[in-house]
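Asks: Just passing along the structure, written as structure tokens.
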Amino acid sequence: MIWHIFSLVLLTGAFIPLWRQQVLGDINLSEGDPVQRLTLGIAYLGIIFMILQPRRTISVAIRGRLLWILLSWVLLSALWSIAPLITLRRGLAACLGALYGLLLVVRYPPKTTLRILGTTLGIVVIASLVAVVVYPMWGVMVGKDAGAWQGVMTHKNILGRTTVLATIVFFVLLREAGRIQRLILALLLMLAVGVLIGSRSFTSLLALLLAFGAWWSMHFMARIHKILRVACVSFGMAIALPTGFLISAYLEDAASLFGKSLTLTGRIPLWNALIPYILERPLLGFGYGAFWFGQEGPYLGIWNLLPWEPTHAHNGYLDLWLEVGFVGMVLGTALVLFVLFRTGRFLLKEKRNHANQPLYNAGFLFSVSFLFLNGAYALLMESRLGTAIYWVFLVVVYFYLISEDMSPQKGLNEVT
């Protein structure tokens, strides 16, 4: 279990990338990052433990057809990739992340995995707070985002979205904890929210509010009659539409309060610049990981059009579309939507004291926030340091949900 905590800390992108940035400086995108490769290799070493339970590994794995189709498509994209070696290298990293998620499902019940993840994120949150207070030269950003906390991450937005996941996990564990554990988790929950606010990551904060708003709405809908649910949805839409028009009239003023602009800090011009490239290869894309990291990649044309040099689309859906085409983007989004709908359906049934209720709560909150975050960050099926933790967790929830042991009569908590 200690090994998994160590591995997951690495996958969050804590410590190592910050050290590399401060000590080694920038890297050559076309040559790759040897520090990242080594770190990912160490983190995924635990995959070898799957040989201890071959039957269970195979029985769970064969149910993940959607995941394996997606990964197969990613690897096949090397055939038409503009940088085949990069596509194969990054495709292998995505496969290793999926196998690591499978390993956690095979070896541990959901609550144990959530506790491992909670311990991991607790370490990151506390270490980030210590970095801000004790060593602000590394823990606090300078320049354009001066004063925003980045903790043990390389950017405030990475810390912000990590604390979103931390808040979700701490909240879910808190609902199931005993008295002493409840106090510890309540403290961690407050610290995570505090660090999120300190990061000034407005998008991450919105994602968290949206996730908990959706979660509360599902629990409310579960307590009322099905006919009233339709009435509530209709009433909500009747309120939401005029409210949306009212907000749009004052959106510029509201955005300025948070130091934002309606161009989403340059994202909209970037997205507009990417559209011709998407239309150039709409179905197949440029190859997984190849668009932004090739020796003479198309990203050079984007850099010539913008006053800054992006290294991803700042949108998970566009990024996946660029890399593996419309087919790959649909498959990747479908994986997240599967988790959302499956967990949402459970919440509507309002089954109290279900053995795997923490998993359903965590899966729903995560999928809602993840879908929103991908509108501003490239996280969908990303397996680099700082993003791999979301890919692994998505795979973990997916495999738990499709596992044959997931049934009302027998929860995965009973699996040893």
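The values are calculated or read from the model by the stated rules, or taken from the named source; none is laboratory data. Everything quoted here is computed from the prediction, not taken from an experiment. FYI the Cβ positions are ideal-geometry reconstructions off the backbone, even for glycines, and counts take in every protein chain you see.
Asks: Please determine whether any residue of the range 10-18 is surrounded by 14 or more Cβ atoms within 10 Å (Cβ to Cβ), touching a Leu at 6+ places or on another chain (Cβ under 7 Å), modelled with pLDDT under 95 and part of a loop (DSSP other than H, G, I, E, B).
Replies: yes
Asks: Report yes if some residue within the range 135-151 is within 21 Å of residue 388 (Cβ to Cβ) and more than 17 Å from the chain's Cα centre (by Cα); otherwise report no.
Replies: yes
For every residue, the table says whether it meets (1) hydrophobic (A, V, I, L, M, F, W, C); (2) at pLDDT 95 or above; (3) farther than 30 Å from residue 200 by Cα.
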position	(1), (2), (3)
48	yes, no, yes
51	yes, no, yes
69	yes, yes, yes
83	yes, no, yes
107	no, no, yes
131	yes, yes, no
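Asks: Would you pick out the residues in the range 314-328 that are in contact with a Ser or Thr (Cβ under 9 Å, 6 or more places away or on another chain) and of a type in the set (D, E, K, R)?
Replies: 323
Asks: Right, next: State all residues of the range 152-178 that are of a type in the set (D, E, K, R) and more than 17 Å from residue 387 (Cα to Cα); if no residue qualifies, say none.
Replies: If the condition is that a residue be of a type in the set (D, E, K, R) and more than 17 Å from residue 387 (Cα to Cα), then 175, 176 are the ones that fit.
Asks: Just to confirm my filter: which helices (runs of 4 or more DSSP H) fall fully inside the range 260-361 and include at least 3 residues that are modelled with pLDDT of 95 or more and crowded, with 17+ Cβ neighbours inside 10 Å?
Replies: Where helices (runs of 4 or more DSSP H) fall fully within the range 260-361 and carry at least 3 residues being modelled with pLDDT of 95 or more and crowded, with 17+ Cβ neighbours inside 10 Å, they are 316-349.
Asks: Follow-up question, since we're still on this one. Six or more apart or on different chains, Cβ atoms under 7 Å: show the pairs whose first residue is in the range 366-382 and more than 23 Å from residue 91 (Cβ to Cβ) and whose second is acidic (Asp, Glu) and at pLDDT 95 or above.
Replies: Pairs found: none.
Asks: Of these, 154, 120, which one is under 27 Å from residue 60 (Cα atoms) and either at pLDDT 95 or above or β-branched (Val, Ile, Thr) (or both)?
Replies: 120
Asks: Another one. Only one of these conditions is not met by residue 47: (1) among the β-branched types (Val, Ile, Thr); (2) in contact with a Phe, Trp or Tyr (Cβ under 9 Å, 6 or more places away or on another chain); (3) touching a residue at least 60 places away in the same chain (Cβ under 8 Å). Which number is it?
Replies: The failed condition is (3).
Asks: Then there is this: Of the residues 104, 76, which single one is under 21 Å from residue 297 (Cβ atoms) and of a type outside the set (Phe, Trp, Tyr)?
Replies: 76
Asks: Return the residues of the range 212-227 that are part of a helix (DSSP H, G or I) and without any contact (Cβ under 8 Å) to a residue 40 or more places away in the chain; say none if nothing qualifies.
Replies: 213, 216, 217, 220, 226, 227
Asks: Tell me, please, whether a residue that is surrounded by fewer than 23 Cβ atoms within 10 Å (Cβ to Cβ) and either out of contact with any Phe, Trp or Tyr (no Cβ under 8 Å at 6 or more places or on another chain) or assigned to a helix (DSSP H, G or I) (or both) can be found in the range 156-167.
Replies: Within the range 156-167, one or more residues are surrounded by fewer than 23 Cβ atoms within 10 Å (Cβ to Cβ) and either out of contact with any Phe, Trp or Tyr (no Cβ under 8 Å at 6 or more places or on another chain) or assigned to a helix (DSSP H, G or I) (or both).
Asks: Among residues belonging to the range 197-211 that are in a helix (DSSP H, G or I) and small (Gly, Ala, Ser), point out the one that is surrounded by the fewest Cβ atoms within 10 Å (Cβ to Cβ).
Replies: 198
Asks: Is there a residue in the range 169-181 that is in a helix (DSSP H, G or I), touching a Lys or Arg at 6+ places or on another chain (Cβ under 7 Å), buried (at least 20 other Cβ atoms within 10 Å of the Cβ) and of a type outside the set (D, E, K, R)?
Replies: The answer is yes; a qualifying residue exists.
For (1) over 21 Å from residue 391 (Cβ atoms); (2) in contact with a strand residue (DSSP E or B) (Cβ under 9 Å, 6 or more places away or on another chain); (3) touching a residue at least 60 places away in the same chain (Cβ under 8 Å), each residue gets a yes or a no:
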{"site": "37", "(1), (2), (3)": "no, no, no"}
{"site": "54", "(1), (2), (3)": "yes, no, no"}
{"site": "58", "(1), (2), (3)": "yes, no, no"}
{"site": "67", "(1), (2), (3)": "no, no, yes"}
{"site": "71", "(1), (2), (3)": "no, no, no"}
{"site": "74", "(1), (2), (3)": "no, no, yes"}
{"site": "87", "(1), (2), (3)": "no, no, yes"}
{"site": "91", "(1), (2), (3)": "no, no, yes"}
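Asks: Give all pairs with beta carbons closer than 7 Å in which a residue from the range 130-157 that is farther than 13 Å from residue 199 by Cα meets a residue that is of a type outside the set (Phe, Trp, Tyr) and at pLDDT 95 or above; count only pairs at least 6 apart in sequence or on separate chains.
Replies: Within 7 Å, the pairs are 138/131.
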